[in-house]
Amino acid sequence: MVIPDRKSRVRKLVFSASHLKLGLWLAGVFFVLLAAVIVDYVSLLSQSIENKRLHAENAELRSQFQVVEGKLNSLETALDRIKAFSTKLKLITAVNDPDRGLNLAMGPTSRTNQAADELEEIDSDRAPASKMLDEPVFKEKSLQDLASGELSKEEDRDYAKLSIRIDQVSKKSQLREQGVLELWELLQDRSALLAATPSTKPTKGWYTSRFGYRVSPYEDIPKMHEGLDIAAAPGSPVYAPADGTVSFAGYDAGYGKLIIIDHGYGVETRYGHNSQIHVASGQKIRHGDLISSVGSTGRSTGPHLHYEVRVNGEPVDPINYILEE
């Protein structure tokens, strides 16, 4: 019965028992569905909040990963420079050759002996990198991904590779340090030999032609270029890269104004196309002494220094005798 205020009449509604049961059942289903929807919504809301937190953490981890990877790249580059410097120093001083034969006539492809090879060796007991990549590196559970709930496998592989690289760089650094210390001990008693070994760039400038075969600018055919061309402004100073004695200072049809320095131990250097010569034959010079000025005399297409290094009369790549490169 519906009893309104005084001005309206009383209404009477009659429901059968079956209708009443059906209504109660529908109401129960409705409330159950409503509760399920509310629970699901709360769960989604909680997951959305968690995903936002994980997204922020993932972004921070990626940023940290990039920083670590950048530092690792710099460290690897530095180790490569140390390796190249040590190998070049061993090459030009022949620390493994007690007779000081230099063994450099083979050119830039020659290798040092076992001591230099040890710098490159990685521990032979270490498993191959491909096998190590398949093994779990981080035992703890990773952060979940925004979509699937877990970080992608590729991301895990990136972290695994980074861990392997760090391990390898650590091992290489120990080997480099040991090799450099051994090299230093070997070179301590060879100061005279080192002083007579070319080791610096004779003039400041840029390389226009390197050692090896090239197309001749005069004959348009491949010819062996036995030195290193360093372009520089006319009059730029040329300095001796090592101690020695001037064996020739004069004019040559091809080299122009030419200087030849005998450094002993079978090593001599040549400096061609100079505009001026500041030394004389028979003069003893020291590393860093001014010997000439850059020019374009002789067969030259422009102002530059033609720099040669010869070992036992055979031309070798002068770049092996420039340690700062």
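Scanning region 271-289 for residues that are closer than 23 Å to residue 193 by Cα and part of a strand (DSSP E or B) yields 271, 284, 285.
All of 60, 50, 76 fail the test of being open to solvent by 100 Å² or more (accessible area, probe 1.4 Å), of a type in the set (Asp, Glu) and not in a loop (DSSP other than H, G, I, E, B), apart from 60. Against the definition (farther than 30 Å from residue 165 by Cα, modelled with pLDDT of 80 or more, open to solvent by less than 80 Å² (accessible area, probe 1.4 Å) and in a helix (DSSP H, G or I)), how does residue 37 come out, yes or no? Judged against the criteria, residue 37 is not a match. Among the numbered conditions (1) modelled with pLDDT under 95; (2) open to solvent by 30 Å² or more (accessible area, probe 1.4 Å); (3) not in a loop (DSSP other than H, G, I, E, B), the only one that residue 320 does not meet is (2). Looking across region 255-270, the residues that are outside any strand (DSSP E or B) and either under 26 Å from residue 194 (Cβ atoms) or polar (S, T, N, Q) (or both) come down to 265, 266. Scanning region 168-201 for residues that are modelled with pLDDT of 80 or more and more than 27 Å from the chain's Cα centre (by Cα) yields a count of 3. The residues of region 212-237 that are touching a residue at least 40 places away in the same chain (Cβ under 8 Å) and among the polar types (S, T, N, Q) amount to a single one, 236.
In region 215-236, of all residues being closer than 18 Å to residue 203 by Cβ and over 33 Å from the mean Cα position of the chain (by Cα), the one that is surrounded by the most Cβ atoms within 10 Å (Cβ to Cβ) corresponds to 234. Being among the aromatic types (Phe, Trp, Tyr) and surrounded by 21 or more Cβ atoms within 10 Å (Cβ to Cβ), is that true of even one residue in region 263-270? For region 263-270, residues among the aromatic types (Phe, Trp, Tyr) and surrounded by 21 or more Cβ atoms within 10 Å (Cβ to Cβ): absent.
Can you name the residue in region 290-303 that is surrounded by fewer than 17 Cβ atoms within 10 Å (Cβ to Cβ) and not hydroxyl-bearing (Ser, Thr, Tyr) and, of all such residues, is nearest to residue 196 (Cα to Cα)? Residue satisfying both the conditions and the ranking: 290. Scanning region 226-254 for residues that are in a loop (DSSP other than H, G, I, E, B), of a type outside the set (A, V, I, L, M, F, W, C) and more than 19 Å from residue 290 (Cα to Cα) yields a count of 3. Within region 237-253, the set of residues being under 41 Å from the mean Cα position of the chain (by Cα) and open to solvent by 40 Å² or more (accessible area, probe 1.4 Å) comprises 237, 239, 245.
The values are calculated or read from the model by the stated rules, or taken from the named source; none is laboratory data. Here the structure is a predicted model, which is why all the values come from computation and not from measurement. Backbone-built Cβ (ideal geometry, glycine too); neighbour counts: all protein chains shown. Just so you know, the surface numbers come from the protein's heavy atoms only, side chains and all, with ligands and any DNA or RNA stripped out. Shrake-Rupley method; radii C 1.70, N 1.55, O 1.52, S 1.80 Å.
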